[in-house]
1. Name the residue that is most open to solvent (accessible area, probe 1.4 Å), counting only residues in segment 217-233 that are touching a Gly at 6+ places or on another chain (Cβ under 9 Å) and assigned to a helix (DSSP H, G or I).
2. Here are Asp387, Asp313, Asp352: which of them is closer than 30 Å to Glu199 by Cα and open to solvent by 10 Å² or more (accessible area, probe 1.4 Å)?
3. Within segment 183-211, how many residues are more than 28 Å from the chain's Cα centre (by Cα) and of a type outside the set (D, E, K, R)?
4. Quick one: in segment 186-209, of everything that is in a loop (DSSP other than H, G, I, E, B) and out of contact with any strand residue (DSSP E or B) (no Cβ under 7 Å at 6 or more places or on another chain), which residue is nearest to Asn230 (Cα to Cα)?
5. When you look at Ala331, is it free of Cβ contacts under 8 Å to residues at least 60 places away in the same chain and touching a helix residue (DSSP H, G or I) at 6+ places or on another chain (Cβ under 6 Å), yes or no?
6. Can Gly292 be described as loosely packed, with under 14 Cβ neighbours inside 10 Å, modelled with pLDDT of 90 or more and more than 20 Å from the chain's Cα centre (by Cα)?
7. Looking only at segment 346-370, count every residue that is more than 11 Å from the chain's Cα centre (by Cα) and under 17 Å from Ala271 (Cα atoms) and tell me the total.
8. Restricted to segment 371-412, and to residues that are among the aliphatic types (A, V, I, L, M) and farther than 22 Å from Ala331 by Cα, which residue is farthest from the chain's Cα centre (by Cα)?
Amino acid sequence: MALLKKSGIIVPCSPAMAFSLIGFAAVLFIYFQTKVVRNATPPTDEVLASASSSRNTTDAGTSASPLTHHVQTLIITTHDDNCKRMFDWSMIDQWKTNDPIEVDYENLPQTKHLKADRMGGPSATGVIEMKIVIRNQQINLTVVNVGKFTKDQMSDNLWHRSVPVYGSWVGVQFAQRKYNLPVNRIVYVFDCSKDRKFEDIPPEWEKMGEVSCDAGLIEQADVLIEPPTNGLLWDLAWDMNFECYSSDMFKTFVSQFVDKSSKLDPPDPLACWISRQGRGLRSASNFNEVMGVMKEVFTNARELRFTKAMSVDDVANTLNDCRVIFGIHGAGHMNALYARPGVAVIEIVGKDNPAYFRNINMLLGQSYQRIVGDATRGIQDDGYVIDLEEAREALMKARVHAASWIEEHGHWR
């Protein structure tokens, strides 16, 4: 029988209880150590130089630098069950129907009305819905009805138009994986009525499959998919409590747009500013001074302006050399989808607390920082006066992360 001292009193304690208490204390120690490291300051320039010139061997026998260990610990995130439930491949099994979910191919056509719980945050309650109609056993044509997304299907805003792209992809993945449906030909059909035209279809869809404005294909399809129009990406927008993680499912989605397997030569240190100048909303009043700080830390700095007319390949090529993507909150940050995984992202959020790009960057496994920048401005304001010292500190952390990534990997994946 062991003894346990509590409040100055010696009490008996069984060996099992003692080991349990020791184990609990160890868990607490690891937890608080992790929290401290995640909020630690970045390595100094001396550490950076040392990491570039020397390599150490880990306990597992693999080669890694001191810098790598530090940065990898910095970007540790916990696995949140709600985020994992909707952004892991296991989400395929989250969809339910009132009738049997299996398809009876002897009694076609069949319509499956599918529902899944949303992620459960303050702005993510209720269910998301999807419909799959299977008309023929011989499947030659699968149609995804993108028109269900109304205005977002052709939005100029990359975040908004990514919602139907991702929702449609999820619908196709479900049909393939749950029902083993072949996808010999997929056509994404848009609602081109009113002021919407075929030429307005965003470039991302070309990487997904065929696109069309022919509504008649909806009735001709062997399989019709009406994808979920709410939830999924929208559930990430304002919920800061989610602790998302590097998601193989989300990375698979992104990989269809950009080839991220190629070897690359480490580019010159380049910091990229996602520009909103001249737009009358969330632009920087001290833009020139911010660019000056970026050049101090990264040597080179570039202002980037993205438009809907740019192809995915154009955007990827523009971002290829960027070691950090920096800017005030806006849809331009969604272009991190097409950047190298090792890119560091810094978002200026002002006095508001949007979570859109924080959660997206977590799913991509990218390094992400959010800074206030200007505590007097919100997402509906213009004329941000960026705190230059806060910006410099974040850029230094980004420089360390980027240098570590290139040294460790040398390629995109």
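1. Let us first name the residues in segment 217-233 that are touching a Gly at 6+ places or on another chain (Cβ under 9 Å), namely 218, 225-233.
Pick out the ones that are also assigned to a helix (DSSP H, G or I) and you get 218, 232-233.
Numbers: Ile218: 28, Leu232: 7, Leu233: 3 Å².
In this case the residue turns out to be Ile218.
2. Values: Asp387 fails: closer than 30 Å to Glu199 by Cα; Asp352 fails: closer than 30 Å to Glu199 by Cα.
Exactly one residue qualifies, and that residue is Asp313.
3. Number of matching residues: 4.
4. Among those that are in a loop (DSSP other than H, G, I, E, B) and out of contact with any strand residue (DSSP E or B) (no Cβ under 7 Å at 6 or more places or on another chain), it is Asp191.
5. No; evaluated as a whole, the condition is false for this residue.
6. Spelling it out, Gly292 is indeed loosely packed, with under 14 Cβ neighbours inside 10 Å, modelled with pLDDT of 90 or more and more than 20 Å from the chain's Cα centre (by Cα).
7. The number of residues fulfilling the criteria is 5.
8. Of all residues in segment 371-412, those among the aliphatic types (A, V, I, L, M) come to 371-372, 375, 379, 385-386, 388, 391, 394-396, 398, 400, 402-403, 406.
Now drop any that are not farther than 22 Å from Ala331 by Cα, which leaves 388, 396, 400, 402-403, 406.
Numbers: Leu388: 27, Met396: 23, Val400: 21, Ala402: 18, Ala403: 22, Ile406: 21 Å.
Per the criteria, the residue is Leu388.
The values are calculated or read from the model by the stated rules, or taken from the named source; none is laboratory data. It should be emphasised that the depicted structure is a prediction, and the values quoted were computed from it without experimental measurement. All Cβ positions, even for glycine, are placed from backbone atoms using ideal geometry, and neighbour counts span all protein chains on display. Please note that ligands, DNA and RNA were not included when accessible areas were found on the heavy atoms of the full protein model with its side chains. Shrake-Rupley method; radii C 1.70, N 1.55, O 1.52, S 1.80 Å.
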